[in-house]
Amino acid sequence: MAPKIRHILFSASILLLSSCVTLTAGVPASDATGSSPSGEKITYVVVGGGTAGLAVAARLSENVDNLVIVIEAGADGFDNANIKNLTGPSIQALPGSSVDYNYHSMPLKFAANQVVNMTRGKVLGGSSAVNGALFTHPSKTDLDTWESDFGATGWNWNSLSAAIDSAENFTPTARLASTTSFHGSNGPIFVTQRTPTGDVWTKGVIPAVVASGGKESNDQSGGDPTGIWYSPKAMFPNSTRSYSANSYYLPNAGRANLQVHVNSTVSRIVWAQDKSKNGQMVATGVEYLDASGQNTTVSGDRVILSAGAFGTPQVLELSGVGNPDILNPLGISTVVNLPAVGENLSEQPTSRYIAALAPNISNAGVQLTLNFESARTLLNSTEWDKAHELIQTAPPGLSDTAHKALIRMFEGDAPLIEFMGFPNPANLVFLPILLHPMSRGSSHIVSTDAKQAPQFDLALLESPFDLYILAKATERARRFATQDTVKPFVAAELAPGLNITTQEQFEQFVKNSVGLSYHPLGTAAFGSVVDKDLRVNGTANVFVVDASIIPLQPAAHPSALIYGIGEQAAKVLKASPLSQDADTANTNNPPPSAGRHSHSRNFALFLGTFVFGIVSTIIW
């Protein structure tokens, strides 16, 4: 059946000059048409067609011997114009819409008992379809900690930065400094910057940061993000969103061995009746509710959970993997006693500084600035000593390993705060973001209904260290805005308000107005839930490939890292033969067709997008 015209028009509009490149980027012909050297055929069932899910699926399906089946709870979203459009009104229209899970937290008892909304993408592409599209590389310190402290051998700065480069197709921007060697140039995700509109950043904010003891960076992607820079975004040359659905999946939608089920919610992992010889539980596939609401089973040799920080622990717990004290009262038999599932939930809390712009001043556009600072830059010596004292006390839920790593990073002047500068027509907006929070929450199921949202406690600001640092960061944002270079651009402070002057008042302001970065992670982390090969402890062939494996928050917006996780995971899985999994039968049953994009439709969409893209490029 021919694809709907709106799908073709959508694909063409996002590709423009990049159409021909996008259709082949990162998919070498030899890989796409080749076969496994061992001739081994593997069926992968990927639960979640999000940021990492589609990345790992696209890479695994490069081998024609593999059958890769992706099961996504949301729709394909290709007819949603707000996804592709990165301007403010379009992005603001996505939360709470049909492409958002629209999760709500438990009351934040350490932050005025607020209930906050947690936007997560319920659509093909996951949160890469609804986020702000920032593409920032983490620091070297962050990633090396995975290997040195959490036992994730092979997961370090060298391997993960290379994996991120494999995902990235970076284009330098005229009049903006960058270091091309810090970036990938042949990946599926298009990444670029935009020359800022007006003088607010170049003549106001950046000189103010430098005058306040900070520094200017030429490129934050080389392992040390410290300083202020114009952040790259995952966008095509025409400033529309490049994300996993249109950059990893669409170019490869015609592959016969890549199948996508949309509007399908996984209810549980299906286990073999008997354990394998090594005593690990063996998955034979998953059950899911298809687009028509019927319960359907799909079989596979390996199950990859890529449902995110909330969805992945939810599927594990529904399948009997987790804490018996949570599972058994719901009538779920414990298959693997793994209490760490759903724990270690981490989110980067934010404060805010807002000033009204002066008359005739505008700060519109899509370009943002990010300013990363360590504790040494943020705090004076007395304040640093106070923060150092506070960080010695670990809040509940923070492991001893993570606690020691956070202390070491603090003392080693790793980036601790990010000041995000937003483009806004009417206001100057700084969002101070705590990059390495101490506080840890949890996310757990409260029902056996797969469509009922898990209950999660973010525990924001439970650690006095977190509150102290965010209050100091809010105070520092005011210092930026009151520098001589910024004064001509602003009229009046709107938040926190000039009546806020003491440390106690700043802390209360932070409690009352704390926000989210929408960067939840850590609920199936290295060292506690998965091993270095991403295998869930106590299982033979269930793997996790998403943000839930990340043990500590990185000094970055995590989408680039999550693409890198997908890329690195594909390499790990390709290098691991089935003999390393359980000694179990190879079922390889063909999946049902309900809810799946048909091959003819995928191939037609692939060709249509390609042809229309060439025409658009010529016209442009």
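The values are calculated or read from the model by the stated rules, or taken from the named source; none is laboratory data. This structure is a prediction, so every number in the text was calculated from the model and none was measured. When we count neighbours, we look across all protein chains shown, and the Cβ atoms used for this are built from the backbone with ideal geometry, even at glycine.
May I ask you to verify whether Val130 is at pLDDT 95 or above, among the hydrophobic types (A, V, I, L, M, F, W, C) and over 12 Å from the mean Cα position of the chain (by Cα)? Considered against the rule, which asks whether it is at pLDDT 95 or above, among the hydrophobic types (A, V, I, L, M, F, W, C) and over 12 Å from the mean Cα position of the chain (by Cα), Val130 comes out as no. Residues that are under 14 Å from Leu521 (Cα atoms) and among the β-branched types (Val, Ile, Thr) within region 303-324 comprise just one, Thr312. Pairs linking a residue in region 245-261 that is among the acidic types (Asp, Glu) to a residue that is part of a helix (DSSP H, G or I), with Cβ atoms under 8 Å and 6 or more positions apart or on different chains, do not occur. Being charged (D, E, K, R), in a helix (DSSP H, G or I), assigned by TED's automatic domain parsing to the domain that holds Arg268 and closer than 14 Å to Asp449 by Cα is the requirement here; does Glu317 meet it? Yes; evaluated as a whole, the condition is true for this residue.
The conditions of being in contact (Cβ under 8 Å) with a residue 40 or more places away in the chain and not polar (S, T, N, Q) are met by Val191.
Here is a check on your reading of the model: is Ala163 out of contact with any Gly (no Cβ under 8 Å at 6 or more places or on another chain) and in contact (Cβ under 8 Å) with a residue 12 or more places away in the chain?
Numbers: out of contact with any Gly (no Cβ under 8 Å at 6 or more places or on another chain): no; in contact (Cβ under 8 Å) with a residue 12 or more places away in the chain: yes.
Criteria not met by Ala163.
Can you tell me how many residues within region 324-351 are under 26 Å from the mean Cα position of the chain (by Cα), at negative phi, among the polar types (S, T, N, Q) and in a loop (DSSP other than H, G, I, E, B)? Reasoning before the result, please.
Narrowing region 324-351 to residues under 26 Å from the mean Cα position of the chain (by Cα): 338-351.
From the residues that got through so far, the ones that are at negative phi too are 338-341, 343, 345-351.
Going one step further and asking which of them are among the polar types (S, T, N, Q), we end up with 346, 348, 350-351.
From what is left, the residues that are in a loop (DSSP other than H, G, I, E, B) are 348, 351.
Within region 324-351, residues that are under 26 Å from the mean Cα position of the chain (by Cα), at negative phi, among the polar types (S, T, N, Q) and in a loop (DSSP other than H, G, I, E, B) number 2.
Of all residues assigned to region 215-227, at least one qualifies as being touching a residue at least 40 places away in the same chain (Cβ under 8 Å), out of contact with any strand residue (DSSP E or B) (no Cβ under 6 Å at 6 or more places or on another chain), buried (at least 23 other Cβ atoms within 10 Å of the Cβ) and of a type outside the set (Val, Ile, Thr).
Looking at region 310-338 only, could you name the residues that are among the β-branched types (Val, Ile, Thr) and in contact (Cβ under 8 Å) with a residue 60 or more places away in the chain? Spell out how you get there, then give the answer.
Let us first name the residues in region 310-338 that are among the β-branched types (Val, Ile, Thr), namely 312, 315, 321, 326, 332, 334-336.
The answer is Thr312, Val315, Val321, Ile326, Ile332, Val335, Val336.
Strands (runs of 3 or more DSSP E) fully within region 409-449 that include at least 1 residues being among the charged types (D, E, K, R): 415-422. Going by the conditions given, is Glu411 under 23 Å from the mean Cα position of the chain (by Cα) and under 30 Å from Glu507 (Cβ atoms)? The answer is no for Glu411.
Kindly establish whether Asp546 is acidic (Asp, Glu) and within 14 Å of Glu147 (Cα to Cα). Lay out the reasoning, then the answer.
On the way: acidic (Asp, Glu): yes; within 14 Å of Glu147 (Cα to Cα): no.
Here the answer is no, as Asp546 does not meet what is asked.
Scanning region 549-585 for residues that are within 16 Å of Leu160 (Cα to Cα) and of a type in the set (S, T, N, Q) yields a total of 3.
Criterion applied to Leu494, Leu467 was being buried (at least 24 other Cβ atoms within 10 Å of the Cβ), assigned by TED's automatic domain parsing to the domain that holds Phe422, outside any loop (DSSP other than H, G, I, E, B) and not aromatic (Phe, Trp, Tyr), and the one residue passing it is Leu467.
Every condition in (1) out of contact with any Lys or Arg (no Cβ under 8 Å at 6 or more places or on another chain); (2) surrounded by fewer than 24 Cβ atoms within 10 Å (Cβ to Cβ); (3) outside the structural domain of Ser447 (by TED's automatic domain parsing); (4) of a type outside the set (A, V, I, L, M) is met by Asp325 except one, and the failing one is (3).
Any residue at all in region 182-203 that is of a type in the set (Gly, Ala, Ser), closer than 24 Å to Gly564 by Cα and either in the same structural domain as Asp65 (by TED's automatic domain parsing) or touching a Lys or Arg at 6+ places or on another chain (Cβ under 9 Å) (or both)?
Narrowing region 182-203 to residues of a type in the set (Gly, Ala, Ser): 184-185, 187, 198.
Imposing the further condition that a residue be closer than 24 Å to Gly564 by Cα reduces the set to 184-185, 187.
Next, from what is left, pick out any that are either in the same structural domain as Asp65 (by TED's automatic domain parsing) or touching a Lys or Arg at 6+ places or on another chain (Cβ under 9 Å) (or both): none.
No, the conditions are met nowhere in region 182-203.
Within region 346-355, identify whether any single residue is of a type in the set (Lys, Arg), in contact (Cβ under 8 Å) with a residue 40 or more places away in the chain and crowded, with 18+ Cβ neighbours inside 10 Å, and answer yes or no.
We begin by selecting, within region 346-355, every residue of a type in the set (Lys, Arg); these are 352.
Next, only the ones that are in contact (Cβ under 8 Å) with a residue 40 or more places away in the chain stay: 352.
Cutting the leftovers down to crowded, with 18+ Cβ neighbours inside 10 Å gives us 352.
Checked against the condition, which is being of a type in the set (Lys, Arg), in contact (Cβ under 8 Å) with a residue 40 or more places away in the chain and crowded, with 18+ Cβ neighbours inside 10 Å, region 346-355 yields at least one hit.
Pairing each residue of region 358-376 that is within 19 Å of Phe480 (Cα to Cα) and without any contact (Cβ under 8 Å) to a residue 40 or more places away in the chain with any residue that is charged (D, E, K, R) and assigned to a loop (DSSP other than H, G, I, E, B), provided the two are 6+ apart or on different chains, yields C-beta distances under 9 Å for Arg376/Asp413.
Output the residue which, of all residues in region 509-529 that are among the polar types (S, T, N, Q) and either assigned to a loop (DSSP other than H, G, I, E, B) or out of contact with any Lys or Arg (no Cβ under 7 Å at 6 or more places or on another chain) (or both), is surrounded by the most Cβ atoms within 10 Å (Cβ to Cβ). Step by step, filter region 509-529, then rank; the result is Thr523. For the residues Leu390, Leu379, the requirement of being crowded, with 22+ Cβ neighbours inside 10 Å, assigned by TED's automatic domain parsing to the domain that holds Thr482 and modelled with pLDDT of 95 or more singles out Leu379.
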